[in-house]
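**Student:** Here it is: the structure, laid out below.
No value in this document is a laboratory result; all are computed from the given coordinates. Just so we're clear, the structure is a prediction, and the values are computed from it rather than from any experiment. Here the Cβ positions follow ideal geometry from the backbone for every residue, glycine too, while neighbour counts run over all protein chains shown.
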Amino acid sequence: MRWSDLTWPELPAVLAAVGHAAILPVGATEQHGPHLGCGVDTVIAEQLCLAVADLTRVPMLPALPYGCSLGHSRRWPGTIAVTPVALIEFVKQIGDWAYHSGVRRLFIVNAHVTNAAPLRCALEMLRAEHDDLMVSVIHTATLSARVREFHAADGADWHANDAETSVMLAISPEGVRPDRLPSADDPDRTGCCVFAHPVNRTSLNGVTGMPSLATREKGERWFDWLVQDLSDLIRRGCQEVPPLPHSYFSQDFT
């Protein structure tokens, strides 16, 4: 169910079978502490969406490997960030072209926290331009109550923590350095902050949380939850219709 593996004659039938839906995974390339590779967010987004595409038969567009990671600063090498404006316009253009290929339900699945605002802006632009396009931005770490609970268990402003490290041990262990886990822990220092400080002012090593607690077994269980809960959301979305049929462009008040 990779969009990139489908031919143009195949796409219309594939889309018609799932309510003309497609999935766009969005990740990032950024430092993830001394124990995780810089592609964590993209790996999780892509592997999750691949598993969900296989279950739901909703095709998956190629994953975006760059995101709005400005908050990670230049203190540590590894982060390749784009501005919010660049991400908004890029996703908008992807949505435009997906629309012209027949997509009418676009699920943007985001695995990097600070992509949230630019992706919401892209959603606003897409639905204002395409009257019959429905767009949903789904954040992997908050897509259900049980998923939120395990992500934030060791810090509200978590990053490269137990959750991400455990999931990576399960789905992409080559991106984990187990020998560095015991010394990678760094606490969440943001609890009483009024401002949103960049990571260079909140973390000593780029980590927020307790990666030393990570295990493959937890990661397998948690990844299964992500797949189940995202699949449920997408199946519901493939059946959803707007509560009212009014056109965005109409001034008909009847």
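**Student:** Nothing charged except the Cβ atoms of Lys and Arg (+1) and of Asp and Glu (-1): what's the magnitude of the dipole of the chain about its Cα centre? Round to the nearest 20 debye.
**Tutor:** Numbers: 20 positive and 29 negative charges, 46 e Å.
Dipole of the chain, to the nearest 20 debye: 220 debye.
**Student:** Would you grab the residues whose amide H sits under 5 Å from the one on residue 138? Only those 5+ places off in sequence or on another chain, please, with H modelled 1.01 Å from N.
**Tutor:** Hits under the 5 Å cutoff: 108, 109, 110.
**Student:** Rounded to the nearest 0.05, what FRET efficiency do residue 201 and residue 80 give with R0 = 30 Å and r taken as the Cβ-Cβ distance? Could you check?
**Tutor:** Numbers: r = 21 Å, r/R0 = 0.69.
Computed FRET efficiency for residue 201 and residue 80 comes out at 0.90.
**Student:** Which GluC sites (Glu not before Pro) from region 162-254 combine a DSSP loop assignment with at most 16 other Cβ atoms within 10 Å?
**Tutor:** 240
**Student:** How large is the helix-only mean residue ellipticity at 222 nm for the chain, computed as the sum of -39500 (n - 2.57) over DSSP H runs with n ≥ 4, divided by its residue count, in deg cm²/dmol to the nearest 500?
**Tutor:** Values: 7 runs with 95 residues, N = 254.
That comes out to -12000 deg cm²/dmol.
**Student:** Further question on the same structure: Can you give me the angle between helix 216-239 and the longest principal axis of the chain, using Cα atoms only, in degrees from 0 to 90, rounded to the nearest 10?
**Tutor:** 20
**Student:** Find the relative contact order for the chain and round it to a whole percent, using C-alpha pairs within less than 8 Å whose residues are 6+ positions apart.
**Tutor:** Numbers: 478 pairs, mean separation 56.1, N = 254.
Reported as a whole number, the value is 22 percent.
**Student:** Just the number, please: percent antiparallel of the DSSP beta bridges in the chain, rounded to the nearest 5. Write down the numbers at each step before the final one.
**Tutor:** Numbers: 5 of 21 bridges.
Roughly 25 percent of the beta bridges in the chain run antiparallel, per DSSP.
**Student:** Measure out, as a whole number of angstrom, how far apart the alpha-carbon centroids of region 134-210 and region 37-94 sit.
**Tutor:** Between the Cα centres of region 134-210 and region 37-94 lies a distance of 16 Å.
**Student:** What span do the alpha-carbon atoms of the chain cover on each of the three principal axes, reported in whole Å from largest to smallest?
**Tutor:** Largest first, the chain extends 60, 37, 30 Å along its Cα principal axes.
**Student:** Residue 132 to residue 174: FRET efficiency via 1/(1 + (r/R0)^6), r the Cβ-Cβ distance, R0 35 Å, to the nearest 0.05? Each step should come with its number before you reach the end.
**Tutor:** Values: r = 42 Å, r/R0 = 1.21.
For R0 = 35 Å, the calculated efficiency reads 0.25.
**Student:** Within the set of other residues whose C-beta is less than 14 Å from the C-beta of residue 181, count the net charge using Lys and Arg as +1 and Asp and Glu as -1. Walk me through the intermediate numbers first.
**Tutor:** Numbers: positive: 177, 180, 216, 218; negative: 154, 162, 164, 179, 185, 186.
Here the count lands on -2.
**Student:** Mind checking the angle between helix 40-56 and the chain's longest principal axis? C-alpha axes, 0 to 90 degrees, to the nearest 10.
**Tutor:** So the helix axis and the longest Cα principal axis differ by about 40 degrees.
**Student:** First measure r as the distance between the Cβ atoms of residue 239 and residue 54, then evaluate 1/(1 + (r/R0)^6) with R0 = 25 Å and state the FRET efficiency to the nearest 0.05.
**Tutor:** Plugging the Cβ-Cβ distance into 1/(1 + (r/R0)^6) gives 0.85.
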